[in-house]
Amino acid sequence: IIDIHKRGITVRIITDDEQMKSKGSDIDRMSAEGITVKDDNSPFHMHHKFAIVDNHILVNGSFNWTRQAVLSNRENVVITTESALVKSFSQEF
């Protein structure tokens, strides 16, 4: 993500304010590199797990975006270009 940002591609991150402080979180490092980071500032967990690519592609599912999820967990990920879904998720930003 940092490499993409350094190439001039816009990257914005919304994260859970409690989870960004968890061991292994890269949020502070990404913010220090100049990536726009916003937290939910809520006592409740932000449980969304999605990404929007080029305002055109939605990546969504149970996948936690962690090493554990990649190597061991049973996760699901749906990738779609369905414009109504992309638009709906985009409104979170």
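What is the residue count in the range 1-39 for residues that are in a loop (DSSP other than H, G, I, E, B) and aliphatic (A, V, I, L, M)?
4
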### Pairs, first in a loop (DSSP other than H, G, I, E, B) in the range 46-65, second among the basic types (Lys, Arg), C-beta under 8 Å, six or more apart
Ser62/Lys49; Phe63/Lys49; Asn64/Lys49; Trp65/Lys49
#### Entry: Which numbered condition Lys21 fails, given (1) at pLDDT 85 or above; (2) surrounded by 11 or more Cβ atoms within 10 Å (Cβ to Cβ); (3) of a type in the set (D, E, K, R)
(1)
### Query
Among the residues of the range 25-36, is any among the small types (Gly, Ala, Ser), touching a helix residue (DSSP H, G or I) at 6+ places or on another chain (Cβ under 8 Å) and surrounded by 13 or more Cβ atoms within 10 Å (Cβ to Cβ)?
yes
### Task
Please indicate, with yes or no, whether at least one residue in the range 37-54 is loosely packed, with under 13 Cβ neighbours inside 10 Å and among the small types (Gly, Ala, Ser).
yes
### Query
Which residues, counting only those in the range 1-18, are open to solvent by 100 Å² or more (accessible area, probe 1.4 Å) and not acidic (Asp, Glu)?
Ile1, Lys6, Arg7, Thr10, Arg12
### Query
Restricting attention to the range 66-93, and to residues there that are surrounded by 12 or more Cβ atoms within 10 Å (Cβ to Cβ) and closer than 18 Å to Asp26 by Cα, which single residue is nearest to the chain's Cα centre (by Cα)?
Thr66
### Hey, Arg12 charged (D, E, K, R) and in contact (Cβ under 8 Å) with a residue 60 or more places away in the chain or not
yes
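The values are calculated or read from the model by the stated rules, or taken from the named source; none is laboratory data. Keep in mind that what you see is a predicted model, and the values were worked out from it rather than measured. All Cβ positions, even for glycine, are placed from backbone atoms using ideal geometry, and neighbour counts span all protein chains on display. Areas reflect the complete protein model, heavy atoms only, side chains present, ligands, DNA and RNA absent. Shrake-Rupley method; radii C 1.70, N 1.55, O 1.52, S 1.80 Å.
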